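Visitor: Following this message is one structure expressed as structure tokens.
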Amino acid sequence: MALDHHRGGSGEPLVLIHGIGHTWRGRKPMLPLLEPRFDVLAVDLPGFGHSPPLPPGTDSTPETLADAVEAAMDDAGFGRANIAGNSLGGWIALELARRGRATTVVALSPAGLWHPRENTWARGVLRTMRWMARHLPAPEPVVRSPLGKVLIAGPVMARPWRIDSDDVSEVLRLFANAPGFDATLEHMLARQVRGLDRIDCPVLVLWGSRDTLLIPRQGRRFERLIPNCELRFLKGLGHSPMSDGPELL
């Protein structure tokens, strides 16, 4: 299946993968910093953004989503690439590294190594955000104010007032209408990431110190299990540091 995507820049190949409910458009603040150095492929996962959902009967697991990203890499002519992903996208980036498709990985608050209470907490936050996105009576005026941006994006961003209002409006609309959200959320939360000990490329795990969706202590678990892994905490940033402080990544 063809994924909606952005392609730009020149240099080494770089694949950007978003988290659940998001879209490649959340990477816009980073593109001016990346495209002078990299040939960037930023994809919408199946059932999110403008990408079509997976075929009927296909489970929307992290591994199946990785299949779709791997096919997009093939279409772009990327044998191996630098891969950066956030949350679910970080899990997918690590899965692609396990398959030998990554030269390096940057995983920003990757999902997949939660304890039961952390799992329950993440489900509640994500379901609440989805409900808000679908039931705001008039989202356009809300996203025009700094307070409105905090109410909408505060659970995943430490500095939501910095986001462009038009970008927030578009991402919120796509989140509300994402056909892949429910199935992907349940498949994601029912699993744990696997095969981390078989990753043979350098991995940098970044975690915002103010991440309130995936608690920062989870980063230590990835550090212990992945060979050649470096863990850094990003002071003052949240779950989606691409918008909070792209210049700090």
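The values are calculated or read from the model by the stated rules, or taken from the named source; none is laboratory data. The structure displayed is predicted, hence computed values, not measured ones. Don't worry about glycine lacking a Cβ; one is built from the backbone with ideal geometry, like all the others, and counts go over all protein chains shown. Surface accessibility is based on the protein's heavy atoms, side chains included, excluding ligands, DNA and RNA. Shrake-Rupley method; radii C 1.70, N 1.55, O 1.52, S 1.80 Å.
Visitor: Mind checking which pairs have a first residue in region 198-224 that is touching a residue at least 24 places away in the same chain (Cβ under 8 Å) and within 22 Å of ASN82 (Cβ to Cβ) and a second that is open to solvent by 30 Å² or more (accessible area, probe 1.4 Å) and assigned to a helix (DSSP H, G or I), Cβ under 7 Å, 6 or more apart or different chains?
Guide: Between residues of region 198-224 that are touching a residue at least 24 places away in the same chain (Cβ under 8 Å) and within 22 Å of ASN82 (Cβ to Cβ) and residues that are open to solvent by 30 Å² or more (accessible area, probe 1.4 Å) and assigned to a helix (DSSP H, G or I), the close pairs are ARG198/ARG98; ILE199/ARG98; VAL205/GLU223.
Conditions (1) hydroxyl-bearing (Ser, Thr, Tyr); (2) modelled with pLDDT of 95 or more; (3) not in a helix (DSSP H, G or I), marked per residue:
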site	(1), (2), (3)
SER10	yes, yes, yes
MET30	no, no, no
LEU65	no, yes, no
MET73	no, yes, no
ALA93	no, yes, no
LEU96	no, yes, no
THR104	yes, yes, yes
ALA111	no, yes, yes
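Visitor: In region 85-106, how many are out of contact with any Ser or Thr (no Cβ under 9 Å at 6 or more places or on another chain) and open to solvent by less than 20 Å² (accessible area, probe 1.4 Å)?
Guide: Number satisfying all stated conditions: 10.
Visitor: Restricting attention to region 32-63, and to residues there that are of a type in the set (Val, Ile, Thr) and not in a loop (DSSP other than H, G, I, E, B), which single residue is nearest to ASP166 (Cα to Cα)?
Guide: VAL43
Visitor: Mind listing whichever residues of region 171-202 are among the hydrophobic types (A, V, I, L, M, F, W, C) and over 16 Å from the mean Cα position of the chain (by Cα)?
Guide: The first filter runs over region 171-202 and keeps only residues among the hydrophobic types (A, V, I, L, M, F, W, C), leaving 171-172, 174-176, 178, 181, 183, 185, 188-190, 193, 196, 199, 201.
ALA176, ALA183, ALA190, LEU196, ILE199, CYS201 - these are the residues of region 171-202 that are among the hydrophobic types (A, V, I, L, M, F, W, C) and over 16 Å from the mean Cα position of the chain (by Cα).
Visitor: Among the listed residues GLY79, GLY19, which satisfies the condition of being touching a His at 6+ places or on another chain (Cβ under 9 Å), closer than 21 Å to VAL203 by Cβ and either small (Gly, Ala, Ser) or part of a loop (DSSP other than H, G, I, E, B) (or both)? If you could, list the steps in order and put the result at the bottom.
Guide: Numbers: GLY79 fails: touching a His at 6+ places or on another chain (Cβ under 9 Å).
Within the list GLY79, GLY19, the selection yields GLY19.
Visitor: Show me the helices (runs of 4 or more DSSP H) entirely contained within region 167-249 in which 2 or more residues are over 22 Å from LEU65 (Cα atoms).
Guide: Of the helices (runs of 4 or more DSSP H) lying wholly inside region 167-249, those with at least 2 residues that are over 22 Å from LEU65 (Cα atoms) span 218-225, 241-244.
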